Amino acid sequence: MNHVSEFGLPKKRKKTIDILEKAFADGDLDQHDYENRLEVALEAKSKSELDDVLSDFPSHYKPKETVKTSTFTSDRIAVNQDPNKLSLSILSGRKEVLSNTATAPSRFFTLLGETKITLGSEEYTNATSRFEFINVLGESVIDLRDKCLEGAVIHLRVMISLGEVKIKVAPGTIVTDQSHKVLGENVFKKRSKTWTKKIKKAFTGGSTPVQAQSIDKVNCQIIIEGFNLLGSLNILEYDV
C-alpha cells in the first residue's frame, strides 16, 4: 500500500505538538485535553486537521508560518471615505452593504441593537480603509469575505462593552489582533458548511458522491485595535 503524505505535514505536525506541550506546561490545557489533542495531532492526515487541533488557541500560540506579508505593498492608496460619518443602531437593527465608499459611514454605534455590515466595493481592492465599531450590549457583524477585498488593508477599531462583535473572513485573510481585553473574550474560530454534504452522504448510504467544496481565498489584511470590556470579539473564518 502506497503511503500518501501532504507536503509539509511532518514539519507542521512537529510544530503543533510543540505548541500543545507548551500550552500544557503553561497550565492552559489539562492533562485529558492535552492527551486527546496530542492523539489527534499524531494521527492527522492533513495540515487542515492539524489546524483544527489549535483552532481555539489564542494568537500568541499560533505557528509563525501562518503569518504572511509578501502579498502586501507599501504603495497602497487610501479609500475615499468620510471618517466622521456615523451610523446609529439603538434598539433596532441595521443591515447594509457598503458599495459607495464616499457616502458610506465609517463609524458605527450599536446600543441594544444589531448592526450587519458587508464591504462590497471595488474601491477597497488594493487599498487601505478604516472603520470604527462601538458596541454596547448589542451585536455587530462585519462581513469581510467579498473578493473585492483582494490586496486590501482594513483597520478596524472596536470598542466593546458587554456586547459582541463578529468579524467574518475568508481563507487567505491575515488577521492581526492588537486590541486589549478586560475580562472579555477574543476568539478565532473556523466555520465550514461542508458538513451539510457529509450529512447528505450519511443519509443516502454513501451512494451520492460528495463534491469537493471550492474555497475562494481573499488575500487581505485586517488589523484590529481598540478594547473589549466584558464582551466578545469573534473572528470567524469561513470556507464558503
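Annotation: amide H-H contacts under 5 Å for G184 (H modelled 1.01 Å from N, sequence separation of 5 or more, or interchain): L230, G231.
Of the cross-linked pairs K14/K45; K85/K147; K14/K47; K85/K116; K14/K168, those separated by over 19 Å at the C-alpha level are K85/K147; K14/K168. Based on Cα atoms of segment 1-63, Rg over Rh with Rh as the Kirkwood radius reads 0.99. Cα-based values for segment 21-168, radius of gyration first and Dmax second, are 19.4, 54 Å.
The packing ranking, built from the mean of other Cβ atoms within 10 Å per residue, places the peptides 222-230, 10-18 in the order 222-230, 10-18, highest first.
No value in this document is a laboratory result; all are computed from the given coordinates. In this text the structure is predicted, and so the values were computed from the model without any measurement. Methodologically, a virtual Cβ is constructed for each residue, glycine included, from the backbone with ideal geometry; neighbour enumeration extends over all protein chains shown.
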